[in-house]
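Data block below; observations after.
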């Protein structure tokens, strides 16, 4: 085999396009410094054994595990005449053409998720587009780093937050985050912003639960999250029960928002009313529930009452109450499943209130980061 082209690679693996007989292939092998380390060869062997049966038109197919003179042990994959996604973006393409690219990427991910596989490393560096027909081809491999090698910043932004801290088992929603970043990279029109935002939410429970839900939103099909059923292909991740359960969850969150909104309204009214006129009995009862978080999905009355500003100083008032509420949730929860559910519902309810109060994207991201860091700290305790 003769080398035709070397593909960009930043970790311990190297990728080369080789000519074999009358056709070209991709060879995925280890850089020379790592070829004699058995742990890395074992990873290569395991990857081939796991993915050799994958067969999808938008994923480069594994062909064989082979010993070569230049690369040592390497995985041989099919290759077509392609250009990287970065070259495609630099060309002039219509919205519909780029949307077709997104759909193909999503279909490839859906195929993987249906086989309990999460890519976890989706970025423009592993996405190619054929020169004939503009068909997507994705490299299904995960670059690894050792001995001071670091992931480049230009690919790190495509990695989901939970994939960076390594505190949870990754599922389909990690790939959905990356997919949202790829849509940004394609410079899609502003009308795609709601889809991108839901893909790229810091909290994975705020993202689309699976590719089916993503495609429904992308292609403007109206479909409720409650319509997704248990057993959906999410690579072992989030699953939804029947429609009744979904509607019940929506009802709980809606109630949280209403309770908190009433609390905020009353606090403002009391500040504006020097006489502190008494409220009705009904509002008093609602306030009592909002002001005293239980181990159900409380949003923290004092936390929600912190007034957002144009910067992130609102966190100085917000986070102490959030930490108190999370401490209470962790102390009272019985079992990991119950704990995760309560934390997720608390986060979603509070974030919706903050969104309604006019926080901008930067402020919401600052809140997401602060919330995520403290939650990770609690998990580690």
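The values are calculated or read from the model by the stated rules, or taken from the named source; none is laboratory data. Quick caveat, the model's predicted, so the values are computed rather than measured. Please note: Cβ atoms are built from the backbone with ideal geometry, for glycine as well, and neighbour counts cover all protein chains shown.
Only residues that are closer than 13 Å to residue 138 by Cα and either part of a strand (DSSP E or B) or more than 26 Å from the chain's Cα centre (by Cα) (or both): list them for the range 47-63, please.
59, 62
Give me a count of the residues in the range 329-372 that are loosely packed, with under 13 Cβ neighbours inside 10 Å and in a helix (DSSP H, G or I).
Final tally of qualifying residues: 5.
Filter the range 64-80 for residues that are free of Cβ contacts under 8 Å to residues at least 40 places away in the same chain and surrounded by 17 or more Cβ atoms within 10 Å (Cβ to Cβ) and give the result.
Result: 66, single match.
Identify all residues within the range 143-169 that are in contact (Cβ under 8 Å) with a residue 60 or more places away in the chain, closer than 24 Å to residue 51 by Cα and either assigned to a helix (DSSP H, G or I) or touching a helix residue (DSSP H, G or I) at 6+ places or on another chain (Cβ under 8 Å) (or both); write none if there are none.
Scanning the range 143-169 gives 144, 146, 155.
Quickly run through the range 122-141 and pick out the residues that are out of contact with any helix residue (DSSP H, G or I) (no Cβ under 8 Å at 6 or more places or on another chain), in contact (Cβ under 8 Å) with a residue 40 or more places away in the chain and either in the same structural domain as residue 48 (by TED's automatic domain parsing) or in a loop (DSSP other than H, G, I, E, B) (or both).
Across the range 122-141, the qualifying residues are 131, 132.
Only residues that are in a helix (DSSP H, G or I) and over 24 Å from residue 114 (Cβ atoms): list them for the range 28-43, please.
Selection gives 32, 33, 34, 38, 39, 40, 41, 42.
Based on what the data block shows, is residue 155 surrounded by fewer than 20 Cβ atoms within 10 Å (Cβ to Cβ) and under 27 Å from residue 339 (Cβ atoms)?
No: the conditions fail for residue 155.
Which numbered condition trips up residue 183, out of (1) at pLDDT below 95; (2) buried (at least 19 other Cβ atoms within 10 Å of the Cβ); (3) assigned to a helix (DSSP H, G or I); (4) over 12 Å from the mean Cα position of the chain (by Cα)?
(1)
Restricting attention to the range 20-46, report how many residues are more than 22 Å from residue 137 (Cβ to Cβ) and either in contact with a strand residue (DSSP E or B) (Cβ under 7 Å, 6 or more places away or on another chain) or without any contact (Cβ under 8 Å) to a residue 60 or more places away in the chain (or both).
So the count comes out to 13.
Taking the options 98, 132, 66, name whichever one is farther than 28 Å from residue 166 by Cα and within 25 Å of the chain's Cα centre (by Cα).
Selected residue: 98, the only one of 98, 132, 66 that is farther than 28 Å from residue 166 by Cα and within 25 Å of the chain's Cα centre (by Cα).
Between 121, 172, which is within 30 Å of residue 340 (Cβ to Cβ) and at pLDDT 95 or above?
Among 121, 172, only 172 is within 30 Å of residue 340 (Cβ to Cβ) and at pLDDT 95 or above.
What about residue 9, is it within 21 Å of residue 127 (Cβ to Cβ) and not assigned by TED's automatic domain parsing to the domain that holds residue 180?
Yes, satisfied.
Here's the yes/no breakdown for (1) out of contact with any strand residue (DSSP E or B) (no Cβ under 7 Å at 6 or more places or on another chain); (2) within 22 Å of residue 23 (Cα to Cα):
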{"position": "67", "(1), (2)": "no, yes"}
{"position": "70", "(1), (2)": "yes, yes"}
{"position": "75", "(1), (2)": "no, yes"}
{"position": "78", "(1), (2)": "no, yes"}
{"position": "82", "(1), (2)": "no, yes"}
{"position": "87", "(1), (2)": "yes, no"}
{"position": "96", "(1), (2)": "yes, no"}
{"position": "102", "(1), (2)": "yes, no"}
{"position": "105", "(1), (2)": "no, no"}
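So residue 25 clears everything in (1) within 20 Å of residue 119 (Cα to Cα); (2) surrounded by 15 or more Cβ atoms within 10 Å (Cβ to Cβ) except one condition, right? Which one?
(1)
From the residues in the range 198-218 that are touching a residue at least 40 places away in the same chain (Cβ under 8 Å) and in a helix (DSSP H, G or I), which one is surrounded by the most Cβ atoms within 10 Å (Cβ to Cβ)?
211
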